[in-house]
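I have placed the structure first, in the form of structure tokens, so that the comments after it can refer back to it.
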Amino acid sequence: MPTEQEVIEQLKAALTEATEKLKEQDKILKDLAEPPGMLARLTNIIPKDATHPERLIIDERLFVLRPKNLEKVRLEIGDYLHVEKSTIGSVALIDKIELPPQPMAVMKVAEITDQGRIMLEAGDTVIPLHKNPLKGVEIGDRLVVGGPSPFLAIAIENLGKAEKHYQFNDELNINWNDVGGQAHAKAMLREAIEYPIIHADLYKSLGKKPIKGVLLEGPPGCGKTLLAKAAAGAIAKLHKSANELSGYIYIKGPEVLSKWVGEAEGTIRNLFNMARAHRQKHGYPAVVFIDECESLLSRRGTGISSDMDKTIVPAFLAELDGLNDSGAMVILATNRPDRLDPAVVREGRIDRRIRVERPNQTDSAQIFELYLKKVPTCKAPKEVASLAAEHLFSPATGLVTLRTADGDTFPFTLGHVASGAMLAGIVDRSTSLVLHEALAVSGTKRKAVMEMPLTGDHVIRATGEVHQSMLKVDHSDDIRAWAEARKTKIVGVAAYA
């Protein structure tokens, strides 16, 4: 049995708990008795006149008066206001609320009026920018805008001019002879872009239209970009144009993607608008080259990129279908053609698929020679290139040993994973070896070393450095491609001895 004192303590605790609960209920009742507050948008301002004070219209239907605390505050249409509604139905304005605008879309500045009003592109028309807190906005800039509607858009961020991101700015003096090897790819590409110009009369008599696009598919670093540059230069020269740079528009697929709604589609439209403008100005088609296109034009419905391809692919196809009279030659490049949407590569769109293979020994010798000719101290580039290519495919650069289903063994060498980029890197390493030899001595000896020619020994040593680094790389995809090309089955892969 509890003592009398314990009973008293228990009663005190229960009374305290009940008192706290009553206070909570009392607060709830008081809150419910307060006039309800709500967020409203200012949709119109009626200035005061002889008989009426200034009236503010909120949500297009309610009138409120400006309170004293907002007499010196600038109110504009589109502002958000805190209002309270009384029990008898009247509405009182309490305060202005500064809500950060939520990003809505990316829009291009089409015009800036004499009064400084910014006009934005909206399809075939223009709409005024409601607020612009940004400085230095120019015509052509892309603005991230937000707000309750496009007609009350507020500038949030200036992304600059799109052309800065995808117009190629290097000297474009590449011709077909600058592309080492790739005889088949060059022949196919030349037929696709040169025949409609050289044999225009035959095309006309046959009712044949120039193709709209070409897909270059193959491993990275094997010359797809170089082929596209050569194509642009060839088109310009066939039209006797000195301004070859203007005919080449280059962008990587991932650069088109954006977190902003409509930005990627807008970039695609800008690419083709630039091509059309080039056609009108120079009289011949531009080359629009999209590298790593699988990231941009992937098969729809796969769930990749949050299904952004549902809008990007149709935007690209609409522009491609709108190319009349060869307004542009579209060249896509990828090492994953299996990921492309079938609608992109069907006949009548990108209807030429050209395989860009890894260089064989003969091609490698040509590529080595092209790069060695640019090294002043290489006195015999053709001989050094031939020696370098032979060494590249020799057992000395073996990576693994393959065993086929027929029981044969085959040394899989560095040459079987070679690319133009790798060969350029080997030549660069060769010049570094000569440089290190010169730095190891001083005075007249250094001058003598610098005058020594870059030899086959330098290239072979540089190839050895690349070989050592490639021993640690997984070559499963290249081995699979090698086996498929030779229609053989690999049953074993062993470390090269």
So which residues in the stretch 332-350 are without any contact (Cβ under 8 Å) to a residue 40 or more places away in the chain and not in a loop (DSSP other than H, G, I, E, B), if there are any at all? ASP338
In the set PRO381, PRO337, PRO395, which member is assigned by TED's automatic domain parsing to the domain that holds ALA483, surrounded by 15 or more Cβ atoms within 10 Å (Cβ to Cβ), of a type outside the set (A, V, I, L, M) and modelled with pLDDT of 85 or more? PRO381
Can you name every residue in the stretch 343-378 that is at pLDDT below 90 and under 26 Å from ARG300 (Cα atoms)? ALA343, VAL344, VAL345, ARG346, GLU347, GLY348, ARG349, ILE350, ASP351, ARG352
Within the stretch 275-295, tally of residues that are at pLDDT 85 or above and in a loop (DSSP other than H, G, I, E, B): 1
Where ALA318 falls short, out of the listed (1) within 20 Å of the chain's Cα centre (by Cα); (2) surrounded by fewer than 18 Cβ atoms within 10 Å (Cβ to Cβ); (3) modelled with pLDDT under 85; (4) among the aliphatic types (A, V, I, L, M): (3)
ARG353 - would you say it is surrounded by fewer than 18 Cβ atoms within 10 Å (Cβ to Cβ) and in a strand (DSSP E or B)? yes
Counted residues in the stretch 179-197 being under 18 Å from LYS237 (Cβ atoms) and either exposed (fewer than 13 other Cβ atoms within 10 Å of the Cβ) or free of Cβ contacts under 8 Å to residues at least 40 places away in the same chain (or both) come to 3
Test SER430 against the stated conditions and say whether it is of a type in the set (Ser, Thr, Tyr), in a helix (DSSP H, G or I) and surrounded by 15 or more Cβ atoms within 10 Å (Cβ to Cβ). yes
Tell me which strands (runs of 3 or more DSSP E) are completely within the stretch 1-86 and hold 2 or more residues being within 24 Å of GLY146 (Cβ to Cβ) and either modelled with pLDDT of 80 or more or not aliphatic (A, V, I, L, M) (or both), or say none if there are none. 37-46, 80-85
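The values are calculated or read from the model by the stated rules, or taken from the named source; none is laboratory data. Everything numeric here is computed off the predicted structure, so don't read it as measured data. Positions of Cβ are generated from backbone atoms using ideal geometry, with glycine treated the same way; all protein chains shown enter the neighbour counts.
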